[in-house]
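The values are calculated or read from the model by the stated rules, or taken from the named source; none is laboratory data. No experiment lies behind these values; they were computed from the predicted model shown. Ideal geometry is used to build each Cβ from the backbone, glycine not excepted, and the neighbour counts take in all protein chains shown. Just the protein is used for accessible areas: all its heavy atoms, side chains included, with ligands, DNA and RNA removed. Shrake-Rupley method; radii C 1.70, N 1.55, O 1.52, S 1.80 Å.
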Amino acid sequence: MAEGSDSQQDVTYRAPVGSVDLKAFDDDGNSYEIHACHDCLPWHAEVVVVEGEVLVREWHAVGCPQFQDLIRG
């Protein structure tokens, strides 16, 4: 990405990142299948427990279209 580019469009490893917590299991107790994001390079996921609930925390470049869809949600 060129110098002075809009960071909201940056999806490289240097991009600023943000996270979103998603349910790890559906209402029947089945786990969700996780696939890597094909729209941004810094994507990664971790399993966290928040207030006793198991969640998947996905990290994306803030300019990633998938991340934008998730946070609008």
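Some notes on this structure:
- Pair list, Cβ < 7 Å and 6+ apart or interchain, from the range 10-24 residues that are within 18 Å of Val49 (Cα to Cα) and among the hydrophobic types (A, V, I, L, M, F, W, C) to residues that are open to solvent by less than 70 Å² (accessible area, probe 1.4 Å) and assigned to a strand (DSSP E or B): Val20/Glu58; Leu22/Leu55; Leu22/Val56; Leu22/Glu58; Ala24/Val54; Ala24/Leu55; Ala24/Val56
- Every condition in (1) among the aliphatic types (A, V, I, L, M); (2) open to solvent by less than 50 Å² (accessible area, probe 1.4 Å); (3) out of contact with any strand residue (DSSP E or B) (no Cβ under 6 Å at 6 or more places or on another chain) is met by Val50 except one, and the failing one is (2).
- Each residue in the range 37-52 was checked for being among the hydrophobic types (A, V, I, L, M, F, W, C) and more than 16 Å from Pro16 (Cα to Cα), and 4 of them qualify.
- Residue within the range 8-27 that is open to solvent by 60 Å² or more (accessible area, probe 1.4 Å) and touching a Pro at 6+ places or on another chain (Cβ under 6 Å) present: yes
- Out of Gln66, Gln9, sole residue that is modelled with pLDDT of 95 or more and polar (S, T, N, Q): Gln66
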